[in-house]
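The values are calculated or read from the model by the stated rules, or taken from the named source; none is laboratory data. Because the structure is a prediction, the values reported are computed rather than measured. FYI the Cβ positions are ideal-geometry reconstructions off the backbone, even for glycines, and counts take in every protein chain you see.
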Amino acid sequence: MTLLVIRAVAVGFLFFLMIGCKGGNEEQLPVDFVWDRVACEECKMALSDPHYSAQVIDPKGKAYYFDDIGCAVLWLQRQPWKDKARTWVNDVKTTEWIEAQKANWISGDPQTPMGYGFAATLSPGENALDYETVKKRMFSGKTLVNENLEKHLGTGNQQPGAGKQTDGKSR
């Protein structure tokens, strides 16, 4: 009897091992995970808000997780396979996973985890951005976090040379 149990367990183990080793995620679809138990690849914060998270799926099907699309964009730019990756984001309104390329992007959302201000949705919206524009804004620093920093530091509307005397001394 115990020999039969051992054989059954061994066969079951081998079956699950073969299933687990087979391929994986060839279609590069988003992968389920446990919220608050996965860290962002870029900033190392826990993924805790299902309205703003992102996943980058590499060409082999491996998922990389991000708490904010800004983190995903910055991280992906450094990967040699960046042009073969598939990026998924949560729809800010429904929390469903949608492809970043297909999303309508809202700029200026103050609730994003890292403060970049970009939120994705499939819903049509006024002044919606496309994903390429979001990436360009991330690379050029045109994000909500930088706008807020400029306001805080008082450098946003300052004219070149303001606050300097002609003799080179500051006022």
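Only one entry in Arg78, Arg86 is among the basic types (Lys, Arg), loosely packed, with under 14 Cβ neighbours inside 10 Å and either free of Cβ contacts under 8 Å to residues at least 40 places away in the same chain or in contact with a strand residue (DSSP E or B) (Cβ under 8 Å, 6 or more places away or on another chain) (or both), namely Arg78.
One residue stands out among those in the range 91-110 that are closer than 13 Å to Leu29 by Cα and not β-branched (Val, Ile, Thr): the one that is surrounded by the most Cβ atoms within 10 Å (Cβ to Cβ), which is Ala100. If you go through the range 132-154 and keep only what is touching a residue at least 40 places away in the same chain (Cβ under 8 Å) and out of contact with any Gly (no Cβ under 9 Å at 6 or more places or on another chain), you end up with Lys135, Phe139.
Of the numbered criteria (1) surrounded by 15 or more Cβ atoms within 10 Å (Cβ to Cβ); (2) modelled with pLDDT of 95 or more; (3) farther than 15 Å from Ala119 by Cα, the one Phe66 fails is (3).
Against the condition within 19 Å of Cys40 (Cβ to Cβ), at pLDDT below 95 and in contact with a Ser or Thr (Cβ under 9 Å, 6 or more places away or on another chain), how does Leu149 come out, does it pass?
Details: within 19 Å of Cys40 (Cβ to Cβ): no; at pLDDT below 95: yes; in contact with a Ser or Thr (Cβ under 9 Å, 6 or more places away or on another chain): yes.
So Leu149 does not fit the description; no.
There is no residue in the range 20-28 that is at pLDDT 95 or above and acidic (Asp, Glu).
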